[in-house]
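The values are calculated or read from the model by the stated rules, or taken from the named source; none is laboratory data. Only a predicted model underlies this, so the values are computations on that prediction, with no experimental measurement involved. All Cβ positions, glycine included, derive from the backbone under ideal geometry; neighbour counts span all protein chains shown.
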Amino acid sequence: MDTKTWVLSRHEYWWKFLLKHMPFALLDDTAPVCEFVVKNSKSAGTASRRDCRYNLAYAVTGGRTEYDWTICHEICHTFAARAMHTSATHGELWAFLYNKVCGASRGRFHSYNRAAAAQAARPLRKILKLQEKIRKLTEE
Ligand SMILES: [Zn+2]
């Protein structure tokens, strides 16, 4: 399975997992939008009430076991922010969801090889731009 398809499937898995365990918590339980970015940044992912953004530079170089916890981390952000009607923070509910409900038990940060992600970021960005160009050309 290619990386984007895998990330999307885990994004959906963790969202359904939280809904199953906390079915009363949300007024709006529509899944967050799954978006992809490629950034030479220390951030492997970000989240808001609306979406989760996954940095493919880490998804590709970090290994799926590790990156799965990043997906879970971001999903917990969206879920907690919606439940509490706040922005995405590492607050009490986020920590409970991530560490207790999902079983991460690892604090909030990921351990990635930042240099490997940085090296991957530039060629990945080029690939995505090329794919976008090809998509536009074939749509015309
Ligand atoms: Zn976070």
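Quick look at the numbers
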item	result
Residue match in the range 43-57 (condition: part of a helix (DSSP H, G or I) and either away from the ligand (no atom under 11 Å from the Cβ) or among the acidic types (Asp, Glu) (or both))	yes
Among (1) more than 16 Å from the ligand (Cβ to nearest atom); (2) not in a loop (DSSP other than H, G, I, E, B), the one test that Ala31 misses	(2)
Residues of the range 71-111 satisfying the condition of being among the acidic types (Asp, Glu) and under 17 Å from the mean Cα position of the chain (by Cα)	Glu74
Sole exception among (1) under 30 Å from Lys126 (Cα atoms); (2) at pLDDT 95 or above; (3) surrounded by fewer than 13 Cβ atoms within 10 Å (Cβ to Cβ) for Pro32, by number	(3)
Single match in Ala57, Ala47 (criterion: over 25 Å from Lys20 (Cβ atoms) and either free of Cβ contacts under 8 Å to residues at least 12 places away in the same chain or among the aliphatic types (A, V, I, L, M) (or both))	Ala57
Scope the range 98-117; condition among the basic types (Lys, Arg) and either part of a loop (DSSP other than H, G, I, E, B) or modelled with pLDDT of 90 or more (or both); matching residues	Lys100, Arg106, Arg108
Hey, Asp28 out of contact with any strand residue (DSSP E or B) (no Cβ under 8 Å at 6 or more places or on another chain), farther than 18 Å from Arg82 by Cα and acidic (Asp, Glu) or not	no
Test: residue in the range 46-58 that is under 28 Å from Pro123 (Cβ atoms), among the β-branched types (Val, Ile, Thr) and modelled with pLDDT under 95	no
Where Asp68 falls short, out of the listed (1) charged (D, E, K, R); (2) away from the ligand (no atom under 14 Å from the Cβ); (3) assigned to a loop (DSSP other than H, G, I, E, B)	(3)
For His85: the one exception among (1) without any contact (Cβ under 8 Å) to a residue 40 or more places away in the chain; (2) surrounded by 13 or more Cβ atoms within 10 Å (Cβ to Cβ); (3) farther than 14 Å from Trp15 by Cβ	(2)
The range 71-88 - residue that is within 21 Å of Tyr58 (Cβ to Cβ) and either part of a loop (DSSP other than H, G, I, E, B) or in contact with a His (Cβ under 6 Å, 6 or more places away or on another chain) (or both) and, of those, farthest from the ligand (Cβ to nearest atom)	Ile71
Residues located in the range 89-105, provided they are of a type outside the set (Asp, Glu) and either touching a Phe, Trp or Tyr at 6+ places or on another chain (Cβ under 7 Å) or more than 13 Å from the ligand (Cβ to nearest atom) (or both)	Phe96, Leu97, Lys100, Val101, Cys102, Gly103, Ala104, Ser105
